[in-house]
Every structure is written in C-alpha cells, then in structure tokens.
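Each remark here refers to the structure printed beneath this line.
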Amino acid sequence: MCGIIAYNGQDDAVPYLLEGIRNLEYRGYDSFGCALDSKVGIIIKKDIGKVDDVINKYKVQNLSSNKAIFHTRWATHGGVKTENAHPMIDCTHRIAVAHNGIIENWAELKESLGGHKFISDTDTEVLSHLIEEKLNKGADIQTAVKDTFKQIKGSSSFIVLDKQSEDLVAVKKGSPLVLGIAKNGNFLSSDVPSFVRHTNKVVYLSDGDMVVLGKKSYSITNLINKDVKHEVSTVNFSAKHAEKGDYEHFMIKEIMEQLGLMKNLESTDFKDVIQAAALVKNAKLVYLIGAGTSYHAAMLGAKALRENGINAVAVQGQDLITYRKVISADDVFIIISQSGETADIINVLPLMSKNKKIGIINSDGSTLAKEVDVFIPIGAGPEKAVASTKSFTLSGVYSTLIAMFAAGRNEDAIHDLKLMNMNMYNLLVPSVLSAIDKAAEKIKGLENVFFLGRDSDYIMALEGALKLKEVSYIHAEAIDAATFKHGPLALISDKVYAVAIVSESNRNDTLYNLQEVKARGGNIIGISDKNENVFDMFIRTQEGGSFGFVMQSIILQLLAYKTSILKGINPDRPKNLAKSVTVK
Ligand code: F6R
C-alpha cells in the first residue's frame, strides 16, 4: 500500500527521504512522487515506475530542501498514470498533499468543489482542493486541515506541505503514520525502519491525531479524543535490522533469522502469554482472527487451543461479520497480524467492542496493537519481504504457547521449545538444502502444484501453497489429504506434482492417501522426518514436538524462495502485492 515519508528540519531533507522512500518500497507501489519546498515555490516531481527510475529521470538527488514529502502510490482509486501519482496540488499551487488511505465520500466532496480544476482521477485530490477552499476563506493551514479531516469518511492519513507555512501538517486515521524525533529535525513516515538510522525516538500516532511538524519542535492534538496520550517511545531495533546485510534478498534474510528468533524465546519470561492464557481459560469461545498468512497462524492457534480443551475457532477478518449474531460477551478474541494495519481486521473491530482482545502483533504502536487488552509483541523485528515468514512462525508459536499455558502445560511448552531449538541445528544441513534445490528445480517449470497434508500438516500445506504462489507465480493449491478422494483425485496424472507434508501424528493416514495419488501416476515431494517409499523426492524435516510446524515452515519458505530465484523473480517484491493491506 502507499508509503509516505516527510522531513522538516535544519538539514537537507532530500538524502534522508531518498533513503526513507527506498526503505518503504517493500510496501508495494506503482508510482513515485515528491514535493519540496523551495524559494521559487513548491517543486513537484512524479511519475509511474520504479522509485530509482523516477528519481534519476527527474534528477531528484540534485534537489535540496529543508521541508519535503516523498510518496509511493499503490493505485486504488484511479489508474496507474503520472497525474494520479501523489503529491496532489491545489489550483493555486500553494499546497501539496500526499495521502495513504481511501476517501469513501470523495464523489460528493468533489461535487461540492465546483470551480476547482482537478487534474487526476484520484480521491486524494479532493483533499488539496478542500484545504484550498478553506484557505481562500481566510483559515490558517492548521484549521483548514482540521476542518477537511472532519469532512472526510474512511481511513486516511495525509501530510500537507504549505509554501506559506514553516510547518508540515499531518493527520492520521486508519493508515499508519509515525513521528520520528531527530537531532536536527523531525520525520513523519508510514513506518519506523524508514528513518531509524537517524533516530530511535518515536511517537506512535493514534487515529484522529493532527501533527504540526516544525523544524525544531512538534505538537500533536487529537481531533477525536483529547485524552489520547502521546508518549515518546525508544525503538529497540537499529538500522541494521532493517537492512539486507550480506543476504541477496530480505526474504532469505528473514527466513534465516528464524533460527535465532526461536532460540531467543527460551530466555523470554512470557508475562504477556501468561496474561493471555488466563483470559482464554475462562472464555466461552476463543476467536482467532487473521488474514492471509496470519490466518494460517490463527488456524494453528485454534487447533492448539482445541487440543488443550479450549473451545476455539479461526476466522478470517472479513468473515467475522457472519458471526455477528453469535458473538457473546464471554468470548475472547486473539488478533494475529504482522503489520497491525490490515483493513479486513480493523473493519470488524466494532464486532469485538464488548470483548477482551489479545493481540499477537509485530508492529508496536500499530492501529491493532492499540486496540487490544493484552499485547504480545511478535518481536520479529522489521519484516520487509512482502511474503511473511518469521512473523508467521513466531505467531504460530505464541498462539500455541497461549493454548499450552492455559491448560497448565507450561513445562511441556518449554520442553518442546527446547526440543525444537535443539533439532533446528540439524534442519538446514547440506543434504536438506540440496534436496530443496532439486525440488525447486522440478517445481519451477510446473504450472500447478498441490500441497497435501492432514490436520496441522494441512495448515502447513495452505501456508506452503500461499508462499509458492506469492513469490513464484505458480498456481498452488492446498488440499487436506483426507479429502482428496472426494473430487481432486480426478486431476491426478503422471504430470502432476504434489508436495506432501507428513508428521508422525498422522503418518499412516496420510501415507494411505498418498498411495492413492501414487497409484494414479502422481509424483510426490515428501516433507517429513522419515523417508517413505511413496515419495519421489524427499526433504527431511526434524521433530519439534508442539512446534514441529516451525521447521516444516522454514522448508516450505525455502522451497518457495528458491523457486522464485530460479524463475528470475524478485521474491521481496512480487507483482501486484503489498506488504500491509490497508484496503477492503
Ligand atoms: C503472505 C502475507 C499476507 C499477510 C496478510 C495479513 O505472505 O504476508 O497474506 O499475511 O496480508 O497481513 P498482516 O499479518 O500484516 O495482518
């Protein structure tokens, strides 16, 4: 989704914002634009295409300014064309606006702006003209922004550069916006890693916040709820965590980071997990809510809760609406999200308004993190590849820990964590890495791949299929191995490949189902801790007790990554996808 970064201070904004906007590219975009304050008025450069191409085309690196906004656009309203790239200006070229979000009532607002000259098809452009309208009537920039904010419906965060003001003015609602307080100036951005090299002091803004960003100071007022507190937080990761280091891609860096992150869990006190376990123990029903990969983590958690005697169900965010008549006040919600900004979940928060909420969330200060009663930080650090890897496995682990702690099985949980970490040393040995390479080599030329498994292996099949689709563009479909006989078996021929995930707990049943595939000529790539006759190719995973899915997952992630590389795709930025999905 769109990325915004702005700076106002004593230094030249351009180098900061060039670095910052490149760091926001992972969010997904189709156009880049910038607005810089200058003695001759506002300079706007914008175009469709890659950030670096647009920057080089317009020589943005040769410009300088102390006050500027850079923006990447992910088209939602209006096609991919230069005029639709942000920032948007008003008729008099006094202001420039960069926006992230959707203005739901843009049509009626545009209707009310007769006489204004619109140059784009975007909803965003109503903002610049609405603000202009108020400035023309004598309002100052802060009042004009505040009154405009009150007129718009939907989730919208935007930053306004006014050539007649020393300050930048911004408002946040729905879409993420954080304030960074640096030595010689201040930042506003869609995320912290984009400016963390220059400061680790941040204010996580709340919905309704209006920020007046001066060169040396800033002020924040909340336009919806004046009691909101704006504490300055110190972030505990450095720029190094948000960089690729020696890795070729963020995706492989983030896959490999899981080994250390899992080990770190052994020295965690799990205070927040204990609090969460106390809540779910007394719940009538526990709903685990997520989207995409985080929904798969929710499925792992729901299954673990049920197996530990607690009634639980995993629901995709947008589907919670179908439960609206049955949600009761004694139910507890567990929200799982890497970004904490997923619209499908934010939109259904009102359905949980009377319930206790636990959040397993990677982004501190995000919209969802602020809404929950118990916040369990995933602690994965910045995840920049579009496909979620480390956040998924850690969310699965945390939701399983909640289940085990709620059943009083704390010791089993710690034992299994240690078992997983011990066996992790044997996971990525050369024979396994070369088996993954061989499987990727086979898969890269296919148009379709099945992923099969039963029980929690089926959840991993869903996740493995999603990863492969995302980064290799191969159609991958996960099917519960037990249900193959109810129809999909008709598709099997000697051209068909299936990745089968086989755990000890359901080995015999899954092997029985795989024989049916084999008997019809199908080829099987087995992921298991034991080789089996039915496998044509074999990738060994390791035993991990309740957390065996972590190791299966790492193998599936590597399989997707390697296939992507063999196909010449950049796995960090798959086409059409955005990291943080803030639209309906
Ligand atoms: C897949 C992926 C997406 C996200 C989904 C939810 O690799 O990353 O499916 O899991 O968009 O995002 P979050 O976790 O930020 O709520």
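Name every residue in the stretch 55-106 that is hydrophobic (A, V, I, L, M, F, W, C) and part of a loop (DSSP other than H, G, I, E, B), in order of residue number.
Of everything in the stretch 55-106, those that are hydrophobic (A, V, I, L, M, F, W, C) and part of a loop (DSSP other than H, G, I, E, B) turn out to be L63, W74, A75, V80, A85, C91, I102, I103.
What number of residues within the stretch 350-385 satisfy the criterion of being at pLDDT 95 or above, within 14 Å of G317 (Cα to Cα) and within 13 Å of the ligand (Cβ to nearest atom)?
Within the stretch 350-385, residues that are at pLDDT 95 or above, within 14 Å of G317 (Cα to Cα) and within 13 Å of the ligand (Cβ to nearest atom) number 1.
Do any residues in the stretch 335-357 that are more than 23 Å from M1 (Cα to Cα) have Cβ atoms under 7 Å from those of residues that are within 15 Å of the ligand (Cβ to nearest atom) and at pLDDT below 95, where the two are at least six apart or on different chains, and which pairs are they?
The qualifying pairs are K357/E371.
Scan the stretch 131-173 residue by residue and report those that are assigned to a helix (DSSP H, G or I), in contact with a Ser or Thr (Cβ under 9 Å, 6 or more places away or on another chain) and surrounded by 17 or more Cβ atoms within 10 Å (Cβ to Cβ).
I131, E132, E133, K134, L135, I141, Q142, K146, F149 - these are the residues of the stretch 131-173 that are assigned to a helix (DSSP H, G or I), in contact with a Ser or Thr (Cβ under 9 Å, 6 or more places away or on another chain) and surrounded by 17 or more Cβ atoms within 10 Å (Cβ to Cβ).
Quickly run through the stretch 492-507 and pick out the residues that are surrounded by fewer than 16 Cβ atoms within 10 Å (Cβ to Cβ) and in a helix (DSSP H, G or I). Quick ask: steps written out before the conclusion?
Looking only at the stretch 492-507, we keep the residues that are surrounded by fewer than 16 Cβ atoms within 10 Å (Cβ to Cβ), and these are 493-495, 504-505.
Result: E504, S505.
Please verify whether V471 is modelled with pLDDT of 95 or more and more than 16 Å from the ligand (Cβ to nearest atom), treating the condition exactly as stated.
The answer is no for V471.
Read through the list (1) out of contact with any Lys or Arg (no Cβ under 6 Å at 6 or more places or on another chain); (2) small (G, A, S); (3) at pLDDT 95 or above; (4) outside any strand (DSSP E or B), then give the number of the only condition that G180 fails.
(4)
Are any residues in the stretch 282-299 within 10 Å of the ligand (Cβ to nearest atom), surrounded by fewer than 23 Cβ atoms within 10 Å (Cβ to Cβ) and among the aliphatic types (A, V, I, L, M), and if so, which ones?
The answer is A291, and nothing else.
So which helices (runs of 4 or more DSSP H) are wholly in the stretch 365-481 and hold at least 3 residues that are more than 20 Å from the chain's Cα centre (by Cα)?
Ranges flagged: 390-406, 410-424, 430-443, 456-472.
The values are calculated or read from the model by the stated rules, or taken from the named source; none is laboratory data. Only a predicted model underlies this, so the values are computations on that prediction, with no experimental measurement involved. Virtual Cβ from ideal backbone geometry, glycine too; neighbours counted across all protein chains shown.
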